[in-house]
Structures are given as C-alpha cells and as structure tokens.
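Note sheet for the following structure.
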Amino acid sequence: MPNHCALHLIFLVILLAFVTPGSADIIKGIGVLEQGCWDFSEQKSIPWWEGADACIAYVVDPPLGWRVGTANYATVAVIDSTFDDVTTAPEDSSAYAYDCPVDFVHTYVVHTAEGHYAKFHILQFIPLVAIEYAYQSDGSRNLDTGVPVDATSWGRIKALYR
C-alpha cells in the first residue's frame, strides 16, 4: 500500500495545475514549494534569488523552528484569522516584517516587491511545504476570494471548480 504522505503530495501536485480566478483580479491556487520559495505573480516555486516573494524553511541554527521569510524587498504580515476571513491586506506598514514564525493557525499577507498583495496559509510542512494562496494582481489591498472554502480537502477541491 502506498505511503499516505506520498499520496498526499501527489494529490497536491495535481491540484497545483488548477489555478482558478476568484474575483476580478484575484488568482487562487495551491502551491508546493519544491524550491523553498514562492513567486505569487508567476504562481510557481522558484529559488529566492530568482525573484521569489516568500520562502518557508525550518531554521535550525539558531533553533527558530519553521519561519516564513521574504525576498527581494517583499514583506509579510501575520493575521490571526482564517484564510477565507482575510479579505483586505493591512494598510499599516508597521504590520509587515521581513520574516516571522509560520504555523497552521495563522494566515499570512505578503506585500510583494511589485507592490501587489497575496495571502496564504500552510496546508502541510512535510515532506514539502504546501500553501493555499490568493494573489491580487491589480495592486489593491482586496483579498476577498468570494466563494468560501470548506475546511476539508474536499471543500478545496469543490472550490477549484466553481
């Protein structure tokens, strides 16, 4: 019988192929950070030096645990709310930093180097980091994805086809 984690990873890679639009200029999707970082405007995993917006890694020296760090002058804000409930990026620039702890509980808003906003939350850390994200391509702070997604995996699949 195949390993459950391997099946979950294969499932996430298949879902990566389905990037669907939300409201007018919002691009939603699920990303697997195969190279440790994510570029929201390109909707793909890339190394940080190639223009990535957010990188997620386990920092062992000094022992800091899982962290999200930004690259190329992007910044990140930690929001104590569910992914679907975050509908607007914070306007206050003091809410953003270059790195922070990352977990399954919070939603993260990234202000990209291009001046756009994206939100994401963690779906899994191991064997690879997987995120669900929404990227606002028009530069506004609107992150309202419209159709709420159930907390189950099946709910995420249904939302991809709406």
*Expressed in nm to one decimal, what extension gain is obtained for the pair Tyr73 and Glu42 from 0.36 nm per residue of sequence separation less their Cα-Cα distance?*
9.5 nm
_Using the Karplus curve 6.51 cos²θ - 1.76 cosθ + 1.60 with θ = phi - 60°, what ³J(HN,Hα) values do you get for each residue of the stretch 118-125, in whole Hz, with x for Gly and Pro?_
9, 10, 8, 9, 7, 9, 7, 9
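Computed from the coordinates by the stated procedures, all read-outs in this text should not be read as laboratory data. These figures come from a predicted structure and were not determined experimentally.
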